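Notes for the one structure printed next.
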Amino acid sequence: AGFGIKGAILSRGVGDEGESLGADFFWESPDGSRVLATHVVGGGYCNLARLGQPPQDTPPRRDDPSSRVQGAVAQVVSTLDRMEPYCPHGQFLLMNGCDHLPAQPELPALLEAVRRRRPTIKLVHTTPVAYQAAVRREIARGRFSPGVHRGELRGGRYANLLSGTLSSRVD
């Protein structure tokens, strides 16, 4: 917070406290300052990677657009089901992309197809910063009261912690 950082997005470091904290919580420093932390649940920061694509170990086949849409709908619904217990505010951070994957140029069309097939699911193609802004609106409206975590996040319940690896990516 002392550097003007208002939020953090993470997929590693959360231990057993994740069950009570949920996906979004305040991470508090020893001086009492806080940032909104989002633990990307439901598959980590790759939770919606390869939307509508067959699993990587599937033999190649002729591309079938209706099969891609059906797969995308199933993938979104399955991911939301996994995330729901951690997101009582009704906001879900779905991350399309992952290490070493190219961008999906068909993503906007797939999102629109999912919207048409499942109109009760509101998908917004946006950014993690906008996601946290939506969570902050839920807090301001009194619809969500996040938990507070004090101290380091060095647990490995949801994703392995890479203990000997220290890195940061400014971009």
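The values are calculated or read from the model by the stated rules, or taken from the named source; none is laboratory data. Here the structure is a predicted model, which means the values were calculated and not measured. No Cβ is skipped: glycine too gets one built from the backbone with ideal geometry, and neighbour counts run over all protein chains shown. With ligands, DNA and RNA removed, areas are computed over all heavy atoms of the protein, side chains included. Shrake-Rupley method; radii C 1.70, N 1.55, O 1.52, S 1.80 Å.
Residues that are not in a loop (DSSP other than H, G, I, E, B) and not small (Gly, Ala, Ser) were ranked within segment 60-73; the one that is modelled with the lowest pLDDT is PRO65. LEU101 satisfies every condition listed in (1) within 22 Å of ALA23 (Cα to Cα); (2) within 18 Å of the chain's Cα centre (by Cα); (3) open to solvent by 30 Å² or more (accessible area, probe 1.4 Å) except (1).
Could you please let me know if LEU110 is under 27 Å from ILE5 (Cβ atoms) and open to solvent by less than 40 Å² (accessible area, probe 1.4 Å)? No; evaluated as a whole, the condition is false for this residue.
Which members of segment 12-59 meet the condition of being assigned to a loop (DSSP other than H, G, I, E, B) and open to solvent by less than 20 Å² (accessible area, probe 1.4 Å)? Hits for segment 12-59 are VAL14, GLY15, GLY22, ALA23, VAL40, VAL41, GLY42, ASN47, LEU48, ALA49, LEU51, GLY52. Test HIS89 against the stated conditions and say whether it is at pLDDT 90 or above and in contact with an Asp or Glu (Cβ under 7 Å, 6 or more places away or on another chain). Yes: the conditions hold for HIS89.
Evaluate segment 74-95: report whether one residue or more is more than 22 Å from ARG136 (Cα to Cα), open to solvent by less than 90 Å² (accessible area, probe 1.4 Å), of a type in the set (A, V, I, L, M, F, W, C) and over 19 Å from the mean Cα position of the chain (by Cα). Checked against the condition, which is being more than 22 Å from ARG136 (Cα to Cα), open to solvent by less than 90 Å² (accessible area, probe 1.4 Å), of a type in the set (A, V, I, L, M, F, W, C) and over 19 Å from the mean Cα position of the chain (by Cα), segment 74-95 yields no hits at all. Just so you know, in segment 112-171 the residues that are small (Gly, Ala, Ser) and not in a loop (DSSP other than H, G, I, E, B) include one that is nearest to VAL73 (Cα to Cα), and it is ALA113. Pairs meeting the criteria (first residue in segment 121-138 and free of Cβ contacts under 8 Å to residues at least 40 places away in the same chain, second residue open to solvent by less than 50 Å² (accessible area, probe 1.4 Å) and not β-branched (Val, Ile, Thr), beta carbons under 6 Å, at least 6 apart or on different chains) are HIS125/LEU111. For segment 122-153, taking the residues that are open to solvent by less than 30 Å² (accessible area, probe 1.4 Å) and either polar (S, T, N, Q) or at pLDDT below 95 (or both), the one that is nearest to ASP16 (Cα to Cα) is identified as LEU153.
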